[in-house]
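Below: one structure, written as structure tokens.
The values are calculated or read from the model by the stated rules, or taken from the named source; none is laboratory data. This structure is a prediction, so every number in the text was calculated from the model and none was measured. Quick reminder, even Gly has a Cβ in these numbers, built from the backbone with ideal geometry, and neighbours come from all protein chains shown. SASA here: full protein model, heavy atoms, side chains in, ligands and nucleic acids out. Shrake-Rupley method; radii C 1.70, N 1.55, O 1.52, S 1.80 Å.
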Amino acid sequence: MELFKILTLLVVISALFGYINVRFLKLPTTIGLMIMALVFSLVMILFQFVYPDITDLAQNLMAKIDFTTVLMDVMLSFLLFAGALHTNVGMIKEEKRSIGMFALIGVFISTFLIGGAIYYLSIFLDLQTDFVYCLLFGALISPTDPIAVLGIMTKANVPKKIEINIVGESLFNDGVGVVIFFTILEIAHLGVANVTIVDVATLFVQEAIGGILFGLGLGFVMFKLLKSIDDYEVEVMITLALVMGGYFLAQQLHTSGPLAMVVAGLFMGSGGLKQDSMSETTELYVDKFWELVDVLMNAVLFVLIGLEILILEFKTSYFIAGAASIIVVLLARYLTIHFLVRISKKWVAVDKEAPLLLTWGGLRGGLSIAMALSLPSDWEAKPYIVFITYCVVLFSIIVQGLTLEKLVKRIYKL
């Protein structure tokens, strides 16, 4: 019953904020919901000076919600499959070289650039933090979040070539980022001396390659099942069952569930496969069902992000570190993208404005917060890592998300 109450409250708040946004604010849905949840949280914090019981109630409610479990184990599979299902697979194929390079090599480079910079920043601010914790921050903040990107990118009028690179990269690099993050976390648990390069390579191959292969298999099974019948109600249930069951099975097999969902969604999203496996009626219902799932999950997720401020630990040094981390993350992404574009200009054709747009359009979201919150609670550095992660995510979604369209118009003089 407690779970039902929490879910009910989140859905009611999301619907209310969604109505206010559409009726009055008219901001992109994800940004509008998060801003209102953030303002609501700040009001709750101020209320502690007048009605402390209300603030305590709100904080206790948020403390009961395991954000990491809610996103990583429940919402992520739906969001990634829905996003991939409605992605233009043809354009992904056209840009596969740059997308693969940004999603794989880019995350590796960015992880170490950010990790190194945050390590020295922490020393400067007298926030003594082990290098491995800083690397973990680099790994969790380097991937651009597909949930945030997909919700904003379509309304920003970004040139199609740049948009598909940002969207395609975000769909894949979150899986890569999760694999790198948990690999470093495993090293932190076991100790650097007890882990070999072979162990790291084996884990990466099992998670990343295994996730991709599992996703292809899942997509193929889905295709065959849908092709063998013509009943839109059952076919919608089959897609739902395979997403939920497939994500659970991927976790049991220790392969990357996020990568599996992306690959399965792209496999089924291919125009020819959709038409071959579904009637027009079924295709319409499947598309609309997953669109609604996407909208509802996004609404709840971004309300949760806004409400998470209620349980953050506030220190002056954390605010300084948070502001500096925003600059570090943006600079590291720009340098990484610029470097990769320069070394691959013979076979990756993007214009000279691409690094700037790819940097500003590379939004971070709930996935980064979920990974930060998944750090062991007995680690002294956890509140610090969570706080600076939250700062980067807020800046990313609100400031970068709201100004991306203006930046595009200014660059291309639209």
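Rounded to the nearest 500, what is the 222 nm mean residue ellipticity of the chain from helices alone, with -39500 (n - 2.57) per DSSP H run of 4+ residues and division by all residues?
On the way: 21 runs with 304 residues, N = 414.
Result for the chain, helices only: -24000 deg cm²/dmol.
Pop out the carbon and sulfur fraction of the accessible area of the range 287-358 as a percent, whole number, probe 1.4 Å.
The nonpolar share, carbon plus sulfur, comes to 70 percent.
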task: Order these peptides, 334-347, 286-299, 171-184, by their mean beta-carbon neighbour count within 10 angstrom, highest first.
output: 171-184, 286-299, 334-347
query: Which value, in Å², gives the accessible area per residue of the chain when a 1.4 Å probe is used on the protein heavy atoms?
result: 46
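If packing is taken as the average number of other Cβ atoms within 10 Å across a peptide's residues, how do 125-134, 96-105 rank, most packed first?
Numbers: 125-134: 16.1, 96-105: 19.0.
My ranking of the peptides, most packed first, is 96-105, 125-134.
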field: Estimated vicinal HN-Hα couplings, Hz - the range 301-316 in sequence order (Karplus 6.51, -1.76, 1.60; Gly, Pro = x)
entry: 4, 6, 5, 4, 4, x, 6, 4, 4, 5, 10, 6, 9, 9, 9, 4
- line: For the chain, whose charge dipole is built from +1 on Lys and Arg Cβ atoms and -1 on Asp and Glu Cβ atoms, the candidate among Pro146, His254, Leu356 with its Cα farthest towards the positive end is Leu356
statement: Expected unfolding gain across Asp130-Phe204 under the 0.36 nm per residue rule, minus the alpha-carbon gap, is 24.3 nm
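Please give the contour-minus-distance gain from Ile105 to Val74: 0.36 nm per residue of separation, less the Cα-Cα distance, rounded to one decimal in nm.
Details: separation 31, 0.36 × 31 = 11.16 nm, distance 2.84 nm.
Residue separation times 0.36 nm, minus the Cα-Cα distance, leaves 8.3 nm.
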query: Ignoring ligands, DNA and RNA, what percent of the 1.4 Å accessible area of the range 28-159 is carbon and sulfur?
result: 66
message: Beyond a 29 Å Cα-Cα separation, which of these cross-linked pairs lie in this structure: Lys274/Lys409; Lys352/Lys406; Lys26/Lys409; Lys93/Lys227; Lys93/Lys346; Lys5/Lys224?
response: Lys274/Lys409; Lys5/Lys224
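Let's see if you can work this out: charge +1 on each Lys and Arg Cβ, -1 on each Asp and Glu Cβ, no other charges. What is the dipole magnitude of the chain about its Cα centre, in debye to the nearest 20? Mind dumping the intermediate values first?
Values: 26 positive and 33 negative charges, 329 e Å.
Its charge dipole is roughly 1580 debye.
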message: Can you tell me which lysines have their Cα less than 27 Å from the Cα of Lys315? Leave out same-chain residues fewer than eight positions away.
response: Lys64, Lys382
statement: FRET efficiency (Asp276, Ala63; Cβ distance; R0 35 Å; to 0.05) is 0.10
- request: Straight distance only, please: which aspartates and glutamates reach the Cα of Lys161 with their own Cα at less than 19 Å, same-chain residues fewer than 8 apart left out?
  value: Glu94, Glu95, Asp145, Glu169, Asp351, Glu353, Glu405
Virtual spin-label span in nm between Asn194 and Glu405, 7 Å along Cα→Cβ: 5.3
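Residue separation times 0.36 nm, minus the C-alpha to C-alpha distance between Phe4 and Tyr412: what's the value? All intermediate terms of the calculation are to be shown ahead of the outcome.
Details: separation 408, 0.36 × 408 = 146.88 nm, distance 4.88 nm.
Working it through step by step, the gained length comes to 142.0 nm.
Taking the highest mean first, how do the peptides 4-11, 391-398, 317-324, 300-307 order by number of other beta carbon atoms within 10 angstrom per residue? Let's see the in-between values first.
On the way: 4-11: 12.9, 391-398: 22.2, 317-324: 16.9, 300-307: 25.0.
For the peptides 4-11, 391-398, 317-324, 300-307, the packing ranking is 300-307, 391-398, 317-324, 4-11.
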